[in-house]
Every structure is written in structure tokens, then in C-alpha cells.
1. Classify segment 5-89 from the C-alpha gyration tensor, please: rounded if a/c falls under 1.5, else prolate or oblate depending on whether a/b exceeds b/c.
2. List 29, 55 from most exposed to least, where exposure is judged by having the fewest other Cβ atoms within 10 Å.
3. Using only Cα atoms, locate the centre of segment 1-60 and the centre of segment 63-79, then give the distance between them in Å, rounded to an integer.
4. Between 0 and 90 degrees, rounded to the nearest ten: what's the tilt of helix 18-28 against the longest Cα principal axis of the chain?
5. Compute the long axis of helix 60-73 from its Cα atoms, compare it with the longest principal axis of the Cα atoms of the chain, and write down the angle in degrees, 0 to 90, nearest 10.
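Throughout, read-outs are computed from the coordinates displayed, never taken from laboratory work. Here the structure is a predicted model, which means the values were calculated and not measured. Virtual Cβ from ideal backbone geometry, glycine too; neighbours counted across all protein chains shown.
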């Protein structure tokens, strides 16, 4: 099976537990964080993650929904995209 990777972007007002909340959902579904970049711009938290979902038992759309629901529960805007779609949308 080919590796299946997704890009997860997170944006919202900074608060305690953002990384923990998102990474717990991923770990609970056997999704591996390959790379992560996060920063705080004044009071706003931003994060981009590259996540390998090859071994997740969930279909992409179900995992995307669960990550988005976790974001909603803490007031964060989360977007999950397949890397192929992300690459296609951002090519020059």
C-alpha cells in the first residue's frame, strides 16, 4: 500500500491543549505526525501538520470529520487535505 499523507492546517485563538487535542485524535486512529510547524501570531495559534494516514482504520472523510469535530470542540478552524490535492492546488 502506498503511503497516504494529508496536510492539516489549524487556526484560531491561542489556548491550552490545542496540539494535545488534535494529536490525540490522530493517535487514536493510528495516524502518524510526520512533520509539524506551529507558531503564535499575537493571540492567534497557527499550525500545519504533515500526517501519514496509511495505517489508519478510518477512511479519509471519516478521519477528516473527527479532526474537524475536535477542532470545533476547542474553537479552532481545521482544514484537512490529501497531499495530492494540496499539491495540485498550490502548483505554480
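1. Prolate, since a/c reaches 1.5 and a/b exceeds b/c.
2. 55, 29
3. The distance from the Cα centre of segment 1-60 to that of segment 63-79 comes to 10 Å.
4. Once rounded, the angle reads 30 degrees.
5. Computed tilt is about 10 degrees.
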